[in-house]
């Protein structure tokens, strides 16, 4: 079988090499005007390979033959956008191309529309996947992410295709978020001219999470989020009451007994607001509270943060308050909410807890807003008071903190001794506060 065909164009000899299957490749210039010299060039190609470009190592004929077959297959095959993305991904892996945009396929959809669907709690394939694998992801989280997408991504990225977004785009977007903003006309509510570093990170996570998933699913050929640096900054610290202030606050007159009891419970146990609201009769033990659920207006009863139930020591005086509140519940159901609301299947609004604390602070002459005192401050107060008496490990088992990996190991092994030790420490720490005002 012939290895090549030789012909002359405008005084220069061209060779058409022949594959082992007998197929002729595209004509290639020998750059020689003499047939003898042209034959020497062809002989060298056949023995050493064909130079790909000036100064580079020759390519073996096998790779040239293979490439010819690939190109021919691409020309003859009916490819769609997804097929093209796979080809581009392969070329990117070899370092031959950087960023390309395919005009069709799943990656060609509008980026902001992709984000909107990605965070839709009911239709998101990402959320469905997370839940199928036993991960906790709530409606509230999805709602907050969607709000950030609508508030920041839609105007900035407009109609950009998903597969056109680059790492540089994300860097520029992050810098855009640091710029001073103007308050829109007729805007109601709180407005910040400068976004905090922590909030900018939350905005970026809405896009980064979605783009990472898109890369893993093959919707885009490159992980454009790789190497992005999070913003750092000193987060705004929550204020914490002093022991003297706490004693004064819980001796003032509270308009709503539910708010009073809920705030007192959080202060003496470190419970989160959602965990307080989720409490039902079956969660009250003789000496402990069983924290099995948290309450969200969008998710209703759900597992506590970090996905694990726990138990916390319950001081006798606080238990008495809970039982008294339970006795006032107008809803006669088998296992009622302790912090009852208008409907038997829902607890009271979290706003009642917050408003009651603000009013009590005001009565006590404490500027809660200026001090940064919020309901979650009780959790910090509890941890701070216990720190002098208990180890960090013991405290974390009670509060459900997961900030250190070592705590995970012990979460399922809260002993009775640990509960009793915490109860004794709490009784000592909150003695002044537990000297209740009359009628409380």
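What is the number of the single condition among (1) part of a loop (DSSP other than H, G, I, E, B); (2) surrounded by 12 or more Cβ atoms within 10 Å (Cβ to Cβ); (3) at pLDDT 80 or above that residue 402 does not meet?
So the condition that residue 402 fails would be (3).
From the list 289, 279, 271, 267, which residue is assigned by TED's automatic domain parsing to the domain that holds residue 307 and closer than 16 Å to residue 432 by Cα?
Of 289, 279, 271, 267, the one residue that is assigned by TED's automatic domain parsing to the domain that holds residue 307 and closer than 16 Å to residue 432 by Cα is 267.
Give the residues of the range 296-322 that are modelled with pLDDT of 95 or more and in a strand (DSSP E or B), sorted by residue number.
Scanning the range 296-322 gives no hits.
Identify, from the list 342, 326, the residue that is out of contact with any helix residue (DSSP H, G or I) (no Cβ under 9 Å at 6 or more places or on another chain), under 18 Å from residue 257 (Cβ atoms) and in the same structural domain as residue 251 (by TED's automatic domain parsing).
342 is the lone residue from the list that is out of contact with any helix residue (DSSP H, G or I) (no Cβ under 9 Å at 6 or more places or on another chain), under 18 Å from residue 257 (Cβ atoms) and in the same structural domain as residue 251 (by TED's automatic domain parsing).
Right, residue 199: without any contact (Cβ under 8 Å) to a residue 60 or more places away in the chain and under 24 Å from residue 370 (Cα atoms) or not?
Yes: the conditions hold for residue 199.
For the range 138-159, enumerate the residues that are part of a loop (DSSP other than H, G, I, E, B) and either surrounded by fewer than 16 Cβ atoms within 10 Å (Cβ to Cβ) or not assigned by TED's automatic domain parsing to the domain that holds residue 199 (or both).
Listed by number, the residues that qualify are 158, 159.
Since residue 204 meets every condition but one in (1) touching a helix residue (DSSP H, G or I) at 6+ places or on another chain (Cβ under 7 Å); (2) over 18 Å from residue 150 (Cβ atoms); (3) at pLDDT 90 or above, which condition does it not meet?
(2)
Across the range 173-196, what is the total count of residues that are farther than 15 Å from residue 211 by Cβ and within 21 Å of the chain's Cα centre (by Cα)?
6
Do you know which residues across the range 23-44 are in contact with a strand residue (DSSP E or B) (Cβ under 7 Å, 6 or more places away or on another chain), assigned to a helix (DSSP H, G or I) and either under 13 Å from residue 10 (Cα atoms) or modelled with pLDDT of 85 or more (or both)?
Within the range 23-44, 35, 38 qualify.
The rows are residues; the columns are (1) surrounded by 23 or more Cβ atoms within 10 Å (Cβ to Cβ); (2) under 30 Å from residue 212 (Cα atoms).
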{"site": "227", "(1), (2)": "no, yes"}
{"site": "239", "(1), (2)": "no, no"}
{"site": "244", "(1), (2)": "no, no"}
{"site": "257", "(1), (2)": "no, no"}
{"site": "262", "(1), (2)": "yes, no"}
{"site": "265", "(1), (2)": "yes, no"}
{"site": "274", "(1), (2)": "no, no"}
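Scanning the range 277-291 for residues that are surrounded by fewer than 22 Cβ atoms within 10 Å (Cβ to Cβ) and within 19 Å of residue 329 (Cβ to Cβ), which turns out nearest to the chain's Cα centre (by Cα)?
Going through the qualifying residues, I end up with 290.
Which residue pairs have Cβ atoms closer than 7 Å, lie 6 or more positions apart in sequence or on different chains, and pair a first residue in the range 16-42 that is more than 14 Å from residue 2 (Cα to Cα) with a second residue that is exposed (fewer than 12 other Cβ atoms within 10 Å of the Cβ)?
33/11
Tell me whether the range 206-224 contains one or more residues that are more than 30 Å from residue 112 (Cβ to Cβ) and either not in a loop (DSSP other than H, G, I, E, B) or not assigned by TED's automatic domain parsing to the domain that holds residue 195 (or both).
No, that holds for no residue.
Please verify whether the range 174-189 includes one or more residues that are assigned to a helix (DSSP H, G or I) and surrounded by 14 or more Cβ atoms within 10 Å (Cβ to Cβ).
Within the range 174-189, one or more residues are assigned to a helix (DSSP H, G or I) and surrounded by 14 or more Cβ atoms within 10 Å (Cβ to Cβ).
Taking the criterion of being touching a residue at least 12 places away in the same chain (Cβ under 8 Å), surrounded by 17 or more Cβ atoms within 10 Å (Cβ to Cβ) and within 30 Å of residue 203 (Cα to Cα), would at least one residue in the range 314-333 satisfy it?
No, the conditions are met nowhere in the range 314-333.
Would you check if residue 282 is assigned to a helix (DSSP H, G or I), modelled with pLDDT of 95 or more and under 21 Å from residue 244 (Cα atoms)?
On the way: assigned to a helix (DSSP H, G or I): yes; modelled with pLDDT of 95 or more: yes; under 21 Å from residue 244 (Cα atoms): no.
Here the answer is no, as residue 282 does not meet what is asked.
Pick from the range 108-137 the residues that are in contact with a strand residue (DSSP E or B) (Cβ under 7 Å, 6 or more places away or on another chain) and either assigned to a helix (DSSP H, G or I) or farther than 19 Å from residue 170 by Cα (or both): which of them is modelled with the highest pLDDT?
By that ranking, first place goes to 111.
The values are calculated or read from the model by the stated rules, or taken from the named source; none is laboratory data. Owing to the predicted nature of the structure, the values given are computational and were not obtained by experimental measurement. Methodologically, a virtual Cβ is constructed for each residue, glycine included, from the backbone with ideal geometry; neighbour enumeration extends over all protein chains shown.
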